[in-house]
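Comments concern the structure below.
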Protein chains: 2
Amino acid sequence: MNAAGIIVEYNPFHNGHLYHINETKRLSNADVIIAVMSGSFLQRGEPAVIDKWTRTKMALQHGVDVVVELPYAFSTQKAATFSAGAIDILHHLKCQSFCFGSENGQIEPFLRSVERLAEKNEQLTALVRLFMKEGMSYPSAQTKARDAIFQKDPLPLDLSKPNNILGFHYVQANDTLGSPLMPLTVQRKGAGFHDVKASGSIASATAIRKRLFLTNEAIDDVMPSSAAAYLKNRTLHSWESYWPLLRYHLLSIHPEQLASIYEVEEGIGPRLIQAALKSDSFAAFMERVKTKRYTWTRLQRMMVHILTNTDKETMQQAERVSFIRLLGMTENGRAYIRSIKKDIPVPLLSRTASGSNLLALDIKAARIFASAPNFPKDYADSLFEQEYSAPPLLL
Amino acid sequence: MNAAGIIVEYNPFHNGHLYHINETKRLSNADVIIAVMSGSFLQRGEPAVIDKWTRTKMALQHGVDVVVELPYAFSTQKAATFSAGAIDILHHLKCQSFCFGSENGQIEPFLRSVERLAEKNEQLTALVRLFMKEGMSYPSAQTKARDAIFQKDPLPLDLSKPNNILGFHYVQANDTLGSPLMPLTVQRKGAGFHDVKASGSIASATAIRKRLFLTNEAIDDVMPSSAAAYLKNRTLHSWESYWPLLRYHLLSIHPEQLASIYEVEEGIGPRLIQAALKSDSFAAFMERVKTKRYTWTRLQRMMVHILTNTDKETMQQAERVSFIRLLGMTENGRAYIRSIKKDIPVPLLSRTASGSNLLALDIKAARIFASAPNFPKDYADSLFEQEYSAPPLLL
């Protein structure tokens, strides 16, 4: 059987994702689609709008055959680490190809850019470090360094576009492994990643979340109806739900403990605590702490690690993919997993009980994901229950 | 001027407290009554029903002239430490006497019991240690040890009664200082400390809290009307308000961090975390964690320290009274404080800003006291505000 991998968050699942799945099937000619999906907390440092089980159902009902979880140690990281974890998992699961959405839409520019950046790697790293010392944020420093190095002969890829950046890192991670997977890309349709106004029947997940949380507009036109149905009358998760917990943690934590948390840099601690004292919402808090040096996303990731109390030491230990957790499968997906099971080089876990040590970080993240003070009790209880005893979903 | 000291929690202020103040005046013949009052968290390991500022007003309106705060490092401790801190403060404030309510009602048995226990101190300590090793709680071990030692010639004081115990420790603490204060006691009127049903116009604070939280009965008959008015339509604090924060902390804390918290003993950590996972209220959690070895009060104190993230090292550093914080004064109280101010051996603080390092523990406790997720925003903001910028109340 021929498997193609995709890397997703489905926050929430929408028509553009459906298009991506169908195009992946067409381009790869695969029999099986495997999705690596982020669990409770996502790459931009946010809780998922809905739990991973519901998002798994959305995926399985729209063409995905196997959903596995991208562990916390990768799902909440900058693009390079995020991509390395996801590609590693797809490789372990014997995918022959992987396919990502990008603004560019052609694979050649990605391959060529990875190659050319590899040649200039040392120069680039040195320049980025220099610009960051001058107070620039990591993404700005990267852009400036690339512009400087490739001024005369520009890269064939616009690396200011968010999906081009992710795609670039997927291709680079695959390259690092010796390119065991064939990279494919699909041009993103409809609204750009950052567009707030949705156009046509495809809207970005960002636009859909704005509708859900801010404008209360209908979402039925931009999501498959069965996926939209899962969001109706549901408790939705946003940073504001967790603000009382984050604030409490900032007000009770020892300065040395705060400094030991992953991504918390020297000197920012007192600033965070002062801002927490004065803010009665997460939005107000973020407005107070943001500076030129820290991008919003980087600060949000820092806050996820503070919320989950995840320290530097733990994240260093979690640097390699050491297990794969199954979230759900179709019949077709089960047949595929059965056929490759004995060759997977890391444990394939069906329940949390079967490998608690390996999963410690993910279990903690799921517990805290379920712990927002204002969630209805039944709902929170069901999230806890599911995390502990639920086997993978079967469709 | 002649000052008499009292040690109070006023949780909340009731007719029995008014009687105690009046009797203190009568017995001591003092011109000034000074109350050392616990701040945000109390001796039985509970948040105060209402904030310390409101309780200060209740005191000043009913015969107390000066209210100072018993710091967190003493207010949340077992009777001996609690008493040592309170008596130290009354001594620093030049009180000539102190007066406490007791079941016994005569001072002689207290003096005699302190003396006789001092003679048998070594024996007693050894026996208590032995019984605790056998799995008994500290209070049970103490009772058993005393019974064994004084079997033939019983102490003249019933030390199974809660107010006799506290009184005993006050007198003992005064004795340790060389008895600079004259001890006085008033017999408690009406219902016993632990009685739930109130009789006549005096009810215990425990009985009044039951009315407030459980039966919703009127409280006007057992409190001065101006004090009762403060409780009408107010946000009341109970452990349940803080349960989402305590639970979150237990689910996110590292096991070594948990072990470093004050009063958390080896081996209890995993039990606490498992119970937190399964409980959706503080009451359910406590039912799960209590054992023969731990009294309810001791467990609650442990939970206060976990909630405030107060570690063993910090509490060891806070062993002596190193400052006195003024919460409120009458005109008469101001005149007295002015007259002794230059002779107080520790800083007398009017605002938190004036001695933040000394006050760190109390400020943290007050912040967390104000941080329960379901408090109305205006209310929480006003508590924060008051803690930082309010001068002592003046009446």
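All of the numbers you see were taken from the coordinates with simple rules; none came from a lab. Source: prediction; values computed, not measured. With ideal geometry, Cβ positions are generated from the backbone for all residues, glycine too; neighbour counts draw on all protein chains shown.
Which one, A:128, A:32, A:49, has the greatest fluctuation when you compute a Gaussian network model over chain A with C-alpha springs under 10 angstrom? Highest fluctuation of the listed residues: A:128.
For the residues A:36, A:68, A:289, a GNM of chain A with alpha-carbon springs under 10 Å puts the largest fluctuation on A:289. Roughly how many Å is it from the Cα centre of region B:285-342 to that of region A:89-167, as a whole number? Going from one Cα centre to the other spans 56 Å.
Placing a label point 7 Å from Cα along the Cα-to-Cβ direction at residue A:189 gives distances to the equivalent points in the other copies of 8.4 nm, listed shortest first.
Relative contact order of region B:239-313: what whole-number percent is it, with Cα pairs under 8 angstrom and at least 6 residues apart? Reported relative contact order: 43 percent. For an R0 of 25 angstrom, estimate the FRET efficiency from the Cβ-Cβ distance between residue A:288 and residue A:217 and round to the nearest 0.05. Once rounded, the FRET efficiency stands at 0.25. Label-to-label distance, residue A:189 versus residue B:360, with points set 7 angstrom from Cα along the beta-carbon direction: 5.9 nm.
The mean number of partner chain beta-carbon atoms within 10 angstrom of a residue's beta-carbon across peptide B:249-255 is 6. For chain A, modelled as a GNM whose springs connect Cα atoms under 10 angstrom apart, the maximal fluctuation among A:123, A:172, A:106 occurs at A:123. Considering region B:297-395, its Cα convex hull presents a mean projected area of 8.2 nm². Per the helix-only calculation at 222 nm, which mean residue ellipticity applies to chain B, given -39500 (n - 2.57) for every DSSP H run of n ≥ 4 and division by its residues, nearest 500 deg cm²/dmol? After summing the helix terms and dividing by the residues of chain B, the value is -15000 deg cm²/dmol. A Förster radius of 35 Å, combined with the Cβ-Cβ distance separating residue B:240 from residue A:273, puts the computed FRET efficiency at roughly 0.85.
On the beta carbon distance between residue B:265 and residue A:346, with R0 = 30 Å, the FRET formula returns roughly 0.20. Footprinting exposure proxy ranking of B:18, B:166, fewest other C-beta atoms within 10 angstrom first, gives B:18, B:166.
With 0.36 nm allotted per residue and the present C-alpha distance subtracted, the residue A:130-residue A:394 stretch has 89.9 nm of extension available. Does the protein assembly as shown classify as rounded, prolate or oblate by the C-alpha gyration tensor (a ≥ b ≥ c root eigenvalues; a/c under 1.5 gives rounded; else a/b over b/c gives prolate, otherwise oblate)? Here the protein assembly as shown falls in the prolate category. Average 1/r across all pairs of distinct alpha carbons in chain A, invert it, and you get the Kirkwood radius: 21.8 Å.
Any chance you could check the Cα centroid distance between region A:28-44 and region A:361-395 for me, in angstrom? Using only Cα atoms to place each centre, the spacing works out to 20 Å. Cross-link check: pairs A:312/B:290; B:210/B:292; A:161/B:377 evaluated at a Cα-Cα cut-off of 29 Å; pairs beyond the cut-off: A:312/B:290; A:161/B:377. For chain A, the Cβ-based charge dipole about the Cα centre amounts to some 320 debye (Lys, Arg positive; Asp, Glu negative; other atoms uncharged). Inter-copy label distances at residue B:382, using a point 7 Å along Cα-to-Cβ, come to 3.9 nm with the shortest given first.
Closest approach of any chain B Cβ to the axis that rotates B onto A belongs to B:373, 2, distance given in whole Å. In the assembly of identical copies, residue A:80 has its label point, taken 7 Å from Cα in the direction of the beta carbon, separated from the corresponding points by 5.8 nm (ascending, one decimal).
Dividing the mean sequence gap of close Cα pairs (under 8 Å, 6+ apart) by how many residues chain A holds gives a relative contact order of 23 percent. Which of the lysines could a cross-linker span from residue B:52 if the Cα-Cα distance has to be under 16 Å and same-chain partners fewer than 8 positions apart are dropped? The qualifying lysines are B:364. Taking every DSSP beta bridge that has both ends in chain B, the antiparallel portion is near 25%. Evaluated with a Cβ-only charge set (Lys, Arg +1; Asp, Glu -1), region A:47-111 carries a dipole of roughly 180 debye about its Cα centre, given to the nearest 20.
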